[in-house]
Each structure stands twice: as C-alpha cells, then as structure tokens.
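Below: one structure, written as structure tokens.
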Amino acid sequence: MSPPLIRVAGLGKSYTTAAGPFPALRGVDLSIATGEFVAIMGPSGSGKSTFMNLLGCLDTPSSGDYVLAGHEVAHLGHDALASLRNRTIGFVFQGFNLLPRMTLEDNVALPLVYAGVERDERRQRARRVLTRVGLDGYAGSLPSRISGGQQQRVAIARALVNSPPLILADEPTGNLDSQTSAEIMRVFAELNGEGITLVIVTHEAAIATWARRQVRFLDGRIVSDVATPSGALAAC
Ligand code: ADP
C-alpha cells in the first residue's frame, strides 16, 4: 500500500489572545490516502479553518507532525515549502477570489506566471483546464460577465492549472444556491474520479454527502470519521 498523501499526528495549534493562549486544535491525528474525497465538518469555531490552513502549509502548527506527499513539512525551509505547496496543492475558497480586470484565461493562468511557465504554454494549459470545468469558449470573458457558479468553476480551473494531486476547498459552495452547489460538487466528484484527492470544508450535510468520507471536528478535536453511507452517493 502506498503511503498516505496527508498524515498528521498529534497536531495542535494555539493562538495567542489577550486572555492567554487559546488551543484551536488539540491533538489531531488523520491520514488521507491518494484518491480520497473527504468532507471536513463541524460547527463554527470547531477548528476546521485552522486545520485547513495547516494542511495547506499556510500556517505552522504549535505541536505535532505533518507529512505531505512524503515530506515532513516542519523540516522544510521557506522556499522548499513554497515549492512543495505549489506542486502539490490547489486551493479553492468560498469567495472565488478572481481578479476582476483580468480575463478568465489570465486568472486561471496566474499560478503559471509565478511558476515561470512561458506565455503560449500558459495559454494552452489555462484553456485546457477551463474546458475541463465546462467553460470552453469563455477564455476571453471577464469575471463580472459570468454567474457565481461559473466563477467558482474558474477558481477550480485555476486550482487545477499546476496539475496538483490535491485540492483543498474551504466552504466552496458557501456563496451558491443549492442547485449551483450541486453542479460544483459534481465537478469535484468528476475530478476525484480522475484521481485527484479532495479535502473540502463544509457545514452543510447535503454537500458532505458528495464526499466518500466525513470527518467531524468539535472543539479542536476529531469526534467522528466515517465513510459516507453508500445511499448518499446516489447523488453522484
Ligand atoms: P471553524 O473554521 O471551524 O469555524 P476556526 O479554525 O476558524 O474554526 O477557529 C477555531 C477557534 O480558534 C475559534 O474559537 C476561533 O475563535 C479561534 N481562532 C481562530 N483564528 C484565531 C486567531 N487568529 N486568533 C485567535 N483565535 C483564533
């Protein structure tokens, strides 16, 4: 069996507050294999965003270990960590975060500019991933010209453009109506079918049923970790 793509052990995170240190994560153990589709659930304040920020190497833990794609994250310097993050993870956020004056193609190609990819290849790869999320023919449009669901597809295309094995999404359907949310989850399910590992934060049970595994946080700890009942997958 291949080693997990994500392995955290005893992961803790304390924030400094006026009242003293506040433990937002209190010893989290979790392994996620390549190809899994995991929903992270739990009430507001349970530590989901803190956990995702650690998984995304956007913040550092106060204690515990994190091994991502075989690399012990704590042992990496700044540049090596940035490189691992860029190669390994695509991020999708609730608010889409598209640049309003750039075409969809340029928005999607932006991570490739940072990666030093030359212009023609950037264009080709951006168009390819736009097609993959169902936005063939929209490359020259501006974000303001398309719907919220389409904007989230663009954000997913941008997350895919570096061909990462892992996508982390924090409340990706939080700004969308239920039908559009289902369309976005169908895109994620298709990507998972192609082998991409997905970890998605949601507080909505209907969204979590698209995942194959549901991990629930409460007060900074994992309180349940279960496979999605097979009946729920009928939604796919
Ligand atoms: P969730 O995403 O489940 O809503 P968070 O990870 O955002 O939970 O927050 C977990 C706990 O940590 C909450 O009690 C929150 O108030 C606290 N917290 C989050 N970020 C900070 C911070 N930067 N400073 C202090 N406390 C924080």
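No lab work stands behind these numbers, since they all come straight from the coordinates. Predicted model, so just to flag it, every value in this text is computed and none were measured. Glycine gets a Cβ as well: all are built from the backbone with ideal geometry, and neighbour counts include every protein chain shown.
When DSSP assigns beta bridges and you keep just the ones with both residues in the chain, what percent turn out antiparallel, to the nearest 5?
Details: 23 of 41 bridges.
Counting only bridges with both partners in the chain, antiparallel ones make up about 55 percent.
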Distant-in-sequence amide H partners of Phe37 (H built 1.01 Å from N, under 5 Å)
Leu198, Arg212, Arg213
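Stretch Arg221-Arg119 to full length: gain in nm at 0.36 nm per residue minus the Cα-Cα span?
Numbers: separation 102, 0.36 × 102 = 36.72 nm, distance 4.53 nm.
Here the segment from Arg221 to Arg119 would lengthen by 32.2 nm.
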Grab the DSSP H runs of the chain that are 4 residues or longer, score each as -39,500 (n - 2.57), total them, divide by all residues and round the 222 nm result to the nearest 500 deg cm²/dmol.
-10000 deg cm²/dmol
Between helix 78-88 and the chain, what is the angle of the helix's C-alpha long axis to the longest principal axis, kept within 0 to 90° and rounded to the nearest 10?
60
Give me the distance between the Cα centres of segment 1-47 and segment 120-193, rounded to whole Å.
26
Taking Cα atoms, the helix 119-132 axis meets the longest principal axis of the chain at an angle in degrees (rounded to 10) of 80
Name the residue, out of Glu36, Glu118, Glu105, whose mean-square fluctuation peaks in a Gaussian network model built on the chain with Cα pairs under 10 Å.
Glu118
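Can you compute the charge dipole magnitude of segment 6-234 about its Cα centre, using +1 on each Lys and Arg Cβ and -1 on each Asp and Glu Cβ, nothing else charged? Give it in debye, rounded to the nearest 20. All intermediate terms of the calculation are to be shown ahead of the outcome.
Details: 22 positive and 21 negative charges, 48 e Å.
Using Cβ point charges on Lys, Arg, Asp and Glu, segment 6-234 gives about 240 debye.
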Positive dipole terminus of the chain, leading residue within Thr131, Leu11, Phe93 (C-beta point charges)
Thr131
Pull up all non-local amide H partners of Leu5: gap of 5 or more, or a different chain, and H-to-H distance under 5 Å with H placed in the peptide plane.
Ile32, Ala33, Thr34
Across segment 30-40, in residue order, what do the Karplus-derived ³J(HN,Hα) couplings come to in whole Hz, using 6.51 cos²θ - 1.76 cosθ + 1.60 with θ = phi - 60° and x for Gly and Pro?
7, 10, 10, 7, 4, x, 6, 10, 10, 9, 9
Other-chain or far-sequence residues with amide H under 5 Å of Val92's (modelled H)
Leu168, Ala169, Asp170
The simple spin-label model distance between Ser163 and Ala19, using points 7 Å out along Cα→Cβ, in nm, is 5.0
